[in-house]
1. Using a 1.4 angstrom probe with every protein chain in place, what is the largest-first accessible-area order of 258, 267?
2. For the charge dipole of the chain, defined by +1 on Lys and Arg C-beta atoms and -1 on Asp and Glu C-beta atoms about the Cα centroid, which residue among 116, 84, 283 has the Cα displaced farthest towards the positive pole?
3. Divide, for the stretch 58-200, the radius of gyration over alpha carbons by 2.2 N^0.38 Å, where N is the residue count.
4. At a 1.4 Å probe radius, carbon and sulfur cover how many percent of the accessible area of the stretch 95-210?
5. Mind checking the full-extension length gain between residue 31 and residue 254? Use 0.36 nm per residue of separation minus the Cα-Cα distance, one decimal, nm.
6. Ordered by packing density, taken as the mean number of other Cβ atoms within 10 Å over each peptide's residues, highest first, how do 90-97, 194-201, 272-279 rank?
7. Please tell me the relative contact order of the chain in percent, rounded to the nearest whole number, where contacts are Cα pairs under 8 Å and at least six residues apart.
8. About the Cα centre of the chain, how large is the charge dipole given +1 on each Lys and Arg Cβ and -1 on each Asp and Glu Cβ? Please answer in debye to the nearest 20.
Amino acid sequence: MGWQSSLERVGEFTSKYFVLWVLIAAPLALYAPDLFTPIAPYITPLLGIIMLGMGLTLTPDDVRRILERPRDVAIGALAQWILMPTIAYALVVALGLPWEIGLGLILLGAAPGGTASNVMTYLGRGDVALSVSITTVTTIAAPLVMPAWIVTLAGESISVTFAEMAGSIIQVVLLPVIGGLVLRHLLDRYAPAVAKAGLSIFPAISVITIVAIVAAVVGLNVETILGAGALVFLAVVLHNGLGLGSGYVVGHATNMAEDRARACAFEVGLQNSGLAVALATAHFSASAALIPALFSVWHNVSGPALATLFAHLDDDDPVEGDEVAIVSD
């Protein structure tokens, strides 16, 4: 159908230039914050829309894959759960970040994997099925894992309880993801044309929503960005880079195949920064949301760069590249 093709083109165009939209919106928010700060009260429901879209991309087969490869899924999930919060806390201490800003880095480190990891794994010729499985497990476990890390690393300095954070994550992540999964199942069975249309346009909706969230957080933190911008950006770059590198090392150290080690790298290094932003604004402060918002920009630069490097390495070794492509499919 013509309208379906049009939706697909809109979705592809919007997603393809995602980084460009963010790079336009963020400076504009610095220049005219009043245009975007009214979005702030809606950050949590906007994230729910993004997570609904993630649920729509999942199928029962994705869930079954978790049971088919428990070892590598467990290694990837444990690496993400342990390494990123630990690295975050170490960077807060080492860089001497103000606590209200550093708390955002810890929130980011404790967050589950984001959907960007699945896309980057695909572009980098990694094991996409493994990536989706790890993202699913870490997302489902987020209501327990994320509050546990926050209470452990920052318990004495925060007033929010484990139960309050867990409840927020269930509402904004788990329920929308499950709702999207159920909706996808029903649409595939009873209205496949609608399902295809939804999958075509939802990437564009997610991109627009993420850009709006990033712009709102930047608008709320103009003075903080101008005052501590370099140090904050350094923390974001180091956290992301160390996560990508350590995830790749863990993959090879545990004898994963190359394509699975790449999936592990992206799963560890690319976090659900939107969730960290939502929790920061709901339970802490706009300053705590700053690092997760900047991470949303940066990981959409570093992720494609690493994916391109992996693909380039495969092109230099055609035999290995063909093997990876076969496994990824």
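The values are calculated or read from the model by the stated rules, or taken from the named source; none is laboratory data. What you see is a predicted model; the values in this text were computed from it and never measured. Because the Cβ atoms are built from the backbone with ideal geometry, glycine has one as well, and the counts that use them run over all protein chains shown. Side chains are part of the model used for accessible areas, which takes the heavy atoms of the whole protein and leaves out ligands, DNA and RNA. Shrake-Rupley method; radii C 1.70, N 1.55, O 1.52, S 1.80 Å.
1. These residues rank, largest area first, as 258, 267.
2. Farthest along the dipole direction, towards plus: 283.
3. Compactness ratio reported: 1.19.
4. 70
5. Stretched fully, the residue 31-residue 254 segment lengthens by 75.5 nm.
6. On the way: 90-97: 15.6, 194-201: 17.2, 272-279: 29.8.
Final packing ranking: 272-279, 194-201, 90-97.
7. Numbers: 517 pairs, mean separation 112.0, N = 329.
Once normalised by length, the contact order is 34 percent.
8. My answer is approximately 700 debye.
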